């Protein structure tokens, strides 16, 4: 019976708020928020009767009004709703993408900067400072992310010694293979066997665009035919082994990147609940 009474009471409250156009007011207020998180908080707001809570809210409002009119802007840029990413980091064997990790890094940075921002303002803004003291920061994790992923969302060459070694090998072998392919291309061009004077990559392997009528003149593997049917993309036999080596290195690179991202995800997951609480505060 109590449950039914509570449901009826909640229904009446919601209907009354609709009549008062309360939700339209919330919508207008929410447009001034700095983040989706703030908008969500505003839109979910409902009238409350707890005097203690209201007194704290009014003090926070008073302090914030004074702060935004008298102080430097809050270091809030970069704040976004990364809750799904943090929840993902808590799932066993889940691996965050570089872009997801960068978004998390931005939020970790905001949490640290906001905490520092209020560290010298306790006397002037006691309520806001009390809130900011609950913010969690982890400079070591922030540094690990910055050392591993660049701003474009790419894993850095020096993220690990192994990745650095693999990418140097890929660069060296690619350079050698391109030079070798250029010499082959020059010869088959002089013999008028190619459709165009260039080489390309098909299925991760370097190939030459050979005229279809000459496909048997050069030993190798055909990896495709042009839409017109006049060109075959042929991998010359003398570079097959080099292509194989590059393919193996590429797979090694992917495995190492996966390992790096998995380790970072695990590191984020260890502090995920702390950062989720910080997001609510922010």
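Distance from the alpha carbon centroid of the range 67-110 to that of the range 233-248 works out to 43 angstrom.
Taking the number of Cβ atoms within 10 Å of each Cβ as an exposure proxy, the fewest-first ranking of 30, 237 is 237, 30. For the range 17-100, the Cα gyration tensor yields ellipsoid semi-axes of 30, 20, 14 Å (square root of five times each eigenvalue, largest first, whole Å). Listing 67, 264 from fewest to most neighbouring C-beta atoms within 10 Å gives 67, 264. Sorting the Cα pairs of the range 121-277 by distance into bins of 5 Å, from 0 upward, gives 2, 8, 13, 13, 10, 9, 8, 8, 7, 5, 4, 4, 3, 2, 2, 1, 0, 0 percent per bin.
Over all pairs of different C-alpha atoms in the range 141-205, the reciprocal of the mean inverse distance, the Kirkwood hydrodynamic radius, equals 14.8 Å. Averaged over residues, the count of other Cβ atoms within 10 Å places the peptides 252-260, 55-63, 96-104, 10-18 in the sequence 96-104, 252-260, 55-63, 10-18, highest first. Expressed per residue, the C-alpha convex hull volume of the chain stands at 246 Å³.
With the helix formula -39500 (n - 2.57) applied to DSSP H stretches of n ≥ 4, the chain reaches a computed 222 nm mean residue ellipticity of -20500 deg cm²/dmol. Rounded to the nearest angstrom and listed largest first, the equivalent-ellipsoid semi-axes of the range 1-140 from its Cα gyration tensor are 31, 24, 15. The Cα atoms of the range 177-257 cover 42, 26, 18 Å along the three principal axes, with the biggest extent listed first. Between 105, 167, 216, the residue with the greatest mean-square fluctuation in the GNM of the chain (Cα pairs under 10 Å linked by springs) is 216.
The Rg/Rh ratio for the range 242-282 is 1.39, where Rg is the radius of gyration of the alpha carbons and Rh is the Kirkwood radius. Computed over every Cα-Cα pair of the range 68-167 and binned at 5 Å starting from 0, the pair-distance distribution P(r) comes out as 2, 11, 17, 20, 17, 12, 9, 6, 3, 2, 1 percent. With the cut-off at 12 Å, report for the range 110-151 the share of all Cα pairs above it, as a whole percent. Summing the P(r) of the range 110-151 above 12 Å gives 61 percent of all pairs. With neighbours defined as other Cβ atoms within 10 Å of a residue's Cβ, the residues 33, 129 order from fewest to most as 33, 129.
Since every read-out is calculated from the coordinates, none of them should be taken as a lab result. Small disclaimer: the values here were computed from a predicted structure and weren't measured. Ideal geometry is used to build each Cβ from the backbone, glycine not excepted, and the neighbour counts take in all protein chains shown.
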